[in-house]
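In what follows, a single structure is set out as structure tokens and then discussed.
The values are calculated or read from the model by the stated rules, or taken from the named source; none is laboratory data. Keep in mind it's a predicted model, so treat the numbers as computed, not measured. We place every Cβ from the backbone using ideal geometry, glycine too, and count neighbours over all the protein chains shown. Just the protein is used for accessible areas: all its heavy atoms, side chains included, with ligands, DNA and RNA removed. Shrake-Rupley method; radii C 1.70, N 1.55, O 1.52, S 1.80 Å.
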Amino acid sequence: MLAEEQEVEEGNAFGDAVRKAKEAGEKEFEFEGKTYKVEEAELEESKGCACGNTECACESEEVEDEEEVTEEVEDEEEVTEEVEAEEEVTEEVEAEEEVTEEVEDEVTEVTEEVEAEDEVTEEVEDEEEVTEEVEAEEEVTEEVEDEVTEEEEAEEEEEVEAEEEEAEEEEPEVNVEEVSEELELEIVTESEMAVSNYQDEVHAKLQNIIDASNRKPSTNPGFFSFVSESVQNDFKALNEADQATVLKAVEGQGFLSEGQIVSLWNTSLTQVQESDLPVIALMPAEYKETWDKLSEGKRTELIAQSKFHNTNSKYEVKTFWQTRDMRETSINMDKVSSMNESNIHMSAKPLLVYHTT
């Protein structure tokens, strides 16, 4: 403090010396043993602090204030950099979530493709099974024909031998050649009749197989055989959704009386509404449009599948729908049917009969 006060006093004394020299009209003056020019001294004084000292403590305080402001600015810049770093981390997290969603979509697509391939494989296996059955029937038919032919030939030979012996015993004078010709004619006739009868039987059996394959199955449920006509009419009056619900509750339960069937019927229709089920209420929005377009049968099938999964949270429900096949698909049995018919028609060709003379 003393040094500062001394500097202030010296500054004031110097200023007084300048003013006195200027008032006296002098161009130079002396101060503390040194000579100064008046104009330069005035200029130096004007550049100094308001206290009259060119190098006072005020400037140091201003410099310190500026340094504090600079430090605050630097602190704000550091905060800004931290905020920008957090924003970059947020963007990276969002990008990872998008990648995760894309991977989930790809997994869903691959799952659907695998299921479609499995369906095609099942259809091909069904066609192969039908082909094997037809081939087995053809082999059995050939074996039966061979056995019948062998038996008939053996019987015919025995009959011919017996007739020849009788002819020799009863008419020893008869011409042997004439008798042989007559017997050959009789043999050919009986053989043709036997083969013709066998062909008729085979054709009849094959026609029955063809008619059975072309016959349309009954559309009535199996439990119609155990209920009265009034109960049948009540079932037909239900809408498709309620019919599907009743069938699901009744079919596969074994032998039931009419009272038991009606009881299961009423219980199934009084269960929780579809929209109240968590698997429907928590369904993600991207699946609702497809769900609304599904048939009642497909909806019932998917709801039945959900009973084997945990669907109490949004995540579990989303996982369930991501792994479902929501396409209206059905096994195309037209190919199998056409293949059956073609194989049956091939096996139904008339048999060739060889006459021995």
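Every residue, every condition in (1) at pLDDT 90 or above; (2) open to solvent by less than 70 Å² (accessible area, probe 1.4 Å); (3) over 17 Å from the mean Cα position of the chain (by Cα), yes or no:
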position: Thr270; (1), (2), (3): no, no, yes
position: Tyr287; (1), (2), (3): yes, yes, no
position: Thr290; (1), (2), (3): yes, yes, no
position: Gly297; (1), (2), (3): no, yes, yes
position: Leu302; (1), (2), (3): no, yes, no
position: Lys307; (1), (2), (3): no, no, yes
position: Glu316; (1), (2), (3): yes, yes, no
Inset, instruction - Looking at (1) more than 29 Å from Phe320 (Cα to Cα); (2) in contact with an Asp or Glu (Cβ under 9 Å, 6 or more places away or on another chain), find the lone condition where Glu84 falls short. - result: (2)
Legend entry - Cross-chain or 6+ apart pairs with Cβ under 8 Å, the stretch 256-270 first and farther than 14 Å from Gly222 by Cα and touching a residue at least 12 places away in the same chain (Cβ under 8 Å), then in a helix (DSSP H, G or I) and among the charged types (D, E, K, R): Ser268/Lys248; Leu269/Asp242
Inset, instruction - Answer yes or no as to whether Lys335 is at pLDDT 90 or above and either surrounded by 12 or more Cβ atoms within 10 Å (Cβ to Cβ) or touching a Ser or Thr at 6+ places or on another chain (Cβ under 8 Å) (or both). - result: no
Inset, instruction - Could you run through the stretch 27-52 and say how many residues are surrounded by 15 or more Cβ atoms within 10 Å (Cβ to Cβ), in contact with a strand residue (DSSP E or B) (Cβ under 7 Å, 6 or more places away or on another chain) and either aliphatic (A, V, I, L, M) or modelled with pLDDT under 80 (or both)? - result: 1
Inset, instruction - Taking Ser275 as the residue in question, decide whether it is open to solvent by 60 Å² or more (accessible area, probe 1.4 Å), more than 13 Å from Val227 (Cβ to Cβ), at pLDDT below 90 and in a helix (DSSP H, G or I). - result: yes
Legend entry - Pairs with Cβ under 9 Å, 6+ apart, first in the stretch 23-39 and closer than 15 Å to Ala13 by Cα, second assigned to a loop (DSSP other than H, G, I, E, B) and open to solvent by 90 Å² or more (accessible area, probe 1.4 Å): Val38/Glu26; Val38/Lys27
